[in-house]
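Just below is one structure, and these are the notes that go with it.
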Amino acid sequence: MPPKVVVSTFAVNDYSNNEYFRQMLLSHGRDVHEKDLQAINSKQVFVNSLFASLSRKYPSLYRLHVYDRTDDSAKVADYKELLLYRSEFVYFAGHGSQQKIYLYDLPMTVSAGCAGDGCSIYNYGKVYGEDTRWVIFDACEVLNVNKDGMLDRELNVNTIDYSKVQKLISVFAGVHAILGYYSISFDGYDNVYSYFSKYFIEDGYTLWDSFSMANDKVYREKRAVSYARGIKPAIAFLRGTDEKGVYHDTSAEFFALTYNQPIKISGNIEMLIMYKEYGTPIY
Amino acid sequence: MKKMNMTIVSAIVILMSCITFAKPVIEIQDKAQTFLKNRNLQIQKNRLQNNSGIIGKSFVVAVDENSNKTFMKIKEMMAKSFDVVESKKNLKIRNKNIKMDISNLNLERSVCAKRMLNQILPRNFASQFRLVSVDVEKSFSRSLGVRVEGYTFNYKRLFNNRIVRNANNYLNISIDGLGRLKEAEIAVEDLTTTSVTVDVDENFSENKTTIDSLVGADFEFVDFVDESGYRKRESVSKIEVNGAAEAYCEILVEKKKILLPCLSYTSKIDVSSGEKIDYIIDVPHSRKSWSQYRHEQKNAIFNRYIH
């Protein structure tokens with residue numbers, strides 16, 4: 001198990017100051033005030049559930065919620081500059097799109113992006129590694145790598161956009177896995193993270209099984225919300241043997257047996273994207 | 001003059017209802033039609049044989065929430081060959097040595113699903129479950145391309161040979177891409193057939209009218225996600241009913257759960273923008289059984305979207 005569990009969270013409910021996001025919505029005939037997000041609430045449930053599970057299962061394990069940034073304290077500059085690499089879990093809740101998360105003021109790419117004077121503010125990115133094992137993007141479509149206009153199609157050689165896969169690969173600088181969605185997410189259905197914490201920390205399920213089962217559970221509970229039937233929980237993870245000859249499949253990592261070092265894309269390790277698609281009922 | 005005023009009022013009312021809700025077109029496809037026609041013939045035959053009056057009836061089922069006899073029986077049987085973990089409402093079953101044959105999965109899904117069921121459950125319990133859907137886990141990597149990493153077979157419990165459409169009677173079997181059992185999860189409730197009945201439609205046009213009544217009451221809009229990933233709410237223009245099954249739908253009457261006989265339809269819904277969405281529509285056995293629970297001011301809640 002990790003020697004400590006430090007958590008950094010970012011959650012945005014209010015997008016009225018994110019002009020980029022607003023313009024994007026307007027181009028689809030919508031506005032930011034159409035529906036308030038429940039991101040801050042979801043974040044709190046994530047933290048409370050995780051810490052409750054840790055205190056039940058591993059009472060002596062050091063735990064700390066080091067950064068708790070919401071709305072106007074969750075700007076791109078904050079996300080870029082804070083020392084997130086000292087946290088085992090990094091969690092973001094808010095709006096998302098393919099390889100993008102939307103902070104309070106600006107979008108941020110889920111890729112290495114760029115830095116320095118010549119870098120467009122819309123192309124700021126971040127890599128994840130060092131102590132950070134698990135990143136959770138509780139936001140729509142961040143892990144979707146389909147070509148534009150094909151976001152709801154099944155993953156195959158004709159629908160995949162390799163440049164988007166490359167963006168995701170570029171953020172793996174030691175991080176073990178990234179959880180998120182290939183589709184829209186369950187905005188405000190906090191039970192995902194209370195189930196996830198229980199399965200992953202207390203019940204001894206693997207990372208992906210914990211996340212996938214937590215989504216199944218909410219999917220079954222919340223099916224009366226008809227859009228929920230398009231939900232596809234997803235994971236970007238590493239599989240293969242590193243240069244030291246150690247085999248990794250970070251989707252199948254157990255909390256109690258997690259590899260206590262950063263895992264980098266080396267040897268024959270490669271990044272995979274996996275999602276779960278709920279089947280169409282047939283009589 | 002009075003008559004003319006009445007005509008104008010009626011015209012306005014008709015016009016208003018046209019403006020507020022243009023009813024979707026309902027098309028029942030061959031498979032569902034055949035199911036309904038065969039079913040109706042059987043009901044008529046049974047009624048004549050039993051000399052049971054002009055109108056067909058079907059029995060309401062009660063859920064005994066204070067008892068867990070069926071649950072305990074399954075637990076006892078499963079514990080003989082599996083690691084069983086019990087939680088509040090379900091059992092989780094594991095056995096690393098079990099491997100399912102999924103070689104013909106794409107061609108004969110139901111055959112494969114049945115074989116899997118028999119591998120997990122004793123035959124007398126296996127016959128109480130029916131496959132409804134299969135979830136798929138897919139992965140992509142540069143070296144291996146797209147691969148299936150696992151499946152979850154979702155079964156619903158059958159009671160009196162009807163699918164129990166609530167959240168507490170199911171079996172889900174999860175396997176990896178090679179067919180090895182990861183976990184099965186099972187939930188069952190104690191169900192009892194009561195002497196209370198509801199009226200049953202027994203001709204095809206009535207079946208269709210009953211669907212029409214429900215659609216008229218509940219299907220003005222649907223929420224869905226478009227291909228760009230945006231959540232949308234649009235009006236329904238057409239409902240294509242593809243499959244049908246006898247079922248029980250859970251409703252609450254005076255805070256008690258009962259299972260009302262219903263017909264469950266798998267369908268494709270066309271929304272106004274032209275997109276198609278898969279849907280399950282649960283419909284009471286007749287318009288009369290509908291009105292009994294909807295219009296006598298009982299607290300009736302139909303779970304229309306349960307998979």
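The values are calculated or read from the model by the stated rules, or taken from the named source; none is laboratory data. This one's a predicted model, so the numbers in the text were calculated from it and none came from an experiment. No Cβ is skipped: glycine too gets one built from the backbone with ideal geometry, and neighbour counts run over all protein chains shown.
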### Summary
Of those in region A:152-172 that are over 16 Å from the mean Cα position of the chain (by Cα) and facing chain B (nearest Cβ under 9 Å), the residue surrounded by the most Cβ atoms within 10 Å (Cβ to Cβ) is A:Leu155
### Query
So which strands (runs of 3 or more DSSP E) are wholly in region A:219-283 and hold at least 3 residues that are touching a Ser or Thr at 6+ places or on another chain (Cβ under 6 Å) and at pLDDT 95 or above?
A:233-241, A:270-277
### Query
Do you know which residues across region B:268-284 are in contact with an Asp or Glu (Cβ under 6 Å, 6 or more places away or on another chain) and modelled with pLDDT of 85 or more?
B:Lys268
### Query
Would you pick out the residues in region B:130-152 that are more than 7 Å from chain A (Cβ to nearest Cβ), surrounded by fewer than 19 Cβ atoms within 10 Å (Cβ to Cβ) and among the basic types (Lys, Arg)?
B:Arg147
## Note on the structure
Checked region A:55-75 for anything aliphatic (A, V, I, L, M) and either surrounded by fewer than 20 Cβ atoms within 10 Å (Cβ to Cβ) or modelled with pLDDT under 95 (or both); matches are A:Leu61, A:Leu64, A:Val66
### Task
Give me a count of the residues in region A:153-187 that are touching a residue at least 12 places away in the same chain (Cβ under 8 Å) and within 14 Å of A:Glu277 (Cα to Cα).
8
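Within region B:56-81, track down each residue that is free of Cβ contacts under 8 Å to residues at least 40 places away in the same chain and not charged (D, E, K, R). Spell out how you get there, then give the answer.
So the first thing to find is which residues in region B:56-81 are free of Cβ contacts under 8 Å to residues at least 40 places away in the same chain, and the list is B:66, B:72-73, B:75-76, B:79-81.
Within region B:56-81, B:Asn66, B:Met72, B:Ala79, B:Ser81 meet the criteria.
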#### Entry: Residue list for region B:96-108, restricted to those being buried (at least 17 other Cβ atoms within 10 Å of the Cβ) and not β-branched (Val, Ile, Thr)
B:Met100, B:Leu105
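So that you can scan it fast, the table gives a plain yes or no per residue for (1) part of a helix (DSSP H, G or I); (2) within 14 Å of chain A (Cβ to nearest Cβ); (3) of a type in the set (A, V, I, L, M, F, W, C):
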{"position": "B:Ala184", "(1), (2), (3)": "no, yes, yes"}
{"position": "B:Leu191", "(1), (2), (3)": "no, no, yes"}
{"position": "B:Thr194", "(1), (2), (3)": "no, no, no"}
{"position": "B:Glu246", "(1), (2), (3)": "no, yes, no"}
{"position": "B:Glu250", "(1), (2), (3)": "no, yes, no"}
{"position": "B:Leu260", "(1), (2), (3)": "no, no, yes"}
{"position": "B:Ser267", "(1), (2), (3)": "no, yes, no"}
#### Entry: Filter pass, B:Tyr155 being under 22 Å from A:Asp209 (Cβ atoms), buried (at least 20 other Cβ atoms within 10 Å of the Cβ), touching a Phe, Trp or Tyr at 6+ places or on another chain (Cβ under 6 Å) and of a type in the set (Ser, Thr, Tyr)
yes
### All helices (runs of 4 or more DSSP H) inside region A:1-119 with 1 or more residues being more than 23 Å from A:Leu168 (Cβ to Cβ) and hydroxyl-bearing (Ser, Thr, Tyr)
A:39-57
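Given B:Glu234, B:Glu202, which one is more than 30 Å from A:Asp203 (Cα to Cα), surrounded by fewer than 20 Cβ atoms within 10 Å (Cβ to Cβ), among the acidic types (Asp, Glu) and in the same structural domain as B:Asn40 (by TED's automatic domain parsing)?
Numbers: B:Glu202 fails: surrounded by fewer than 20 Cβ atoms within 10 Å (Cβ to Cβ).
That would be B:Glu234, the only listed residue that is more than 30 Å from A:Asp203 (Cα to Cα), surrounded by fewer than 20 Cβ atoms within 10 Å (Cβ to Cβ), among the acidic types (Asp, Glu) and in the same structural domain as B:Asn40 (by TED's automatic domain parsing).
For region B:1-91, list the helices (runs of 4 or more DSSP H) that sit wholly inside it and hold at least 3 residues that are exposed (fewer than 12 other Cβ atoms within 10 Å of the Cβ) and modelled with pLDDT of 80 or more; which are they? If you could, list the steps in order and put the result at the bottom.
Working: elements: B:2-20, B:30-50, B:69-78.
Correct list: B:30-50.
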### Query
When region A:240-282 is examined, which residues are found to be facing chain B (nearest Cβ under 8 Å) and surrounded by 20 or more Cβ atoms within 10 Å (Cβ to Cβ)?
A:Met271, A:Leu272, A:Ile273, A:Met274, A:Tyr275, A:Lys276, A:Tyr278, A:Pro281
### Message
For B:Ser213, only one of the following conditions fails: (1) more than 13 Å from every other protein chain (Cβ to nearest Cβ); (2) crowded, with 16+ Cβ neighbours inside 10 Å; (3) in contact with a strand residue (DSSP E or B) (Cβ under 8 Å, 6 or more places away or on another chain); (4) at negative phi. What is its number?
### Response
(3)
### Query
For residues in region A:93-151 being more than 14 Å from chain B (Cβ to nearest Cβ) and acidic (Asp, Glu), which is farthest from A:Ser42 (Cα to Cα)?
A:Asp117
### Task
List every residue pair whose Cβ atoms lie under 9 Å apart, where the two residues are 6 or more positions apart in sequence or sit on different chains, the first residue falls within region A:106-128 and is modelled with pLDDT under 85, and the second residue, located anywhere, is hydroxyl-bearing (Ser, Thr, Tyr) and in a loop (DSSP other than H, G, I, E, B).
A:Cys114/A:Ser120; A:Asn123/A:Ser111
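A quick yes/no check of all residues on (1) in contact with a strand residue (DSSP E or B) (Cβ under 6 Å, 6 or more places away or on another chain); (2) under 30 Å from A:Gly96 (Cβ atoms); (3) modelled with pLDDT of 80 or more:
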{"residue": "B:Phe204", "(1), (2), (3)": "no, no, yes"}
{"residue": "B:Phe219", "(1), (2), (3)": "yes, no, no"}
{"residue": "B:Gly243", "(1), (2), (3)": "yes, no, yes"}
{"residue": "B:Leu259", "(1), (2), (3)": "yes, no, yes"}
### Query
Just wondering, is there one or more residues in region A:173-186 that are at pLDDT 95 or above, part of a loop (DSSP other than H, G, I, E, B) and either within 13 Å of the chain's Cα centre (by Cα) or buried (at least 22 other Cβ atoms within 10 Å of the Cβ) (or both)?
yes
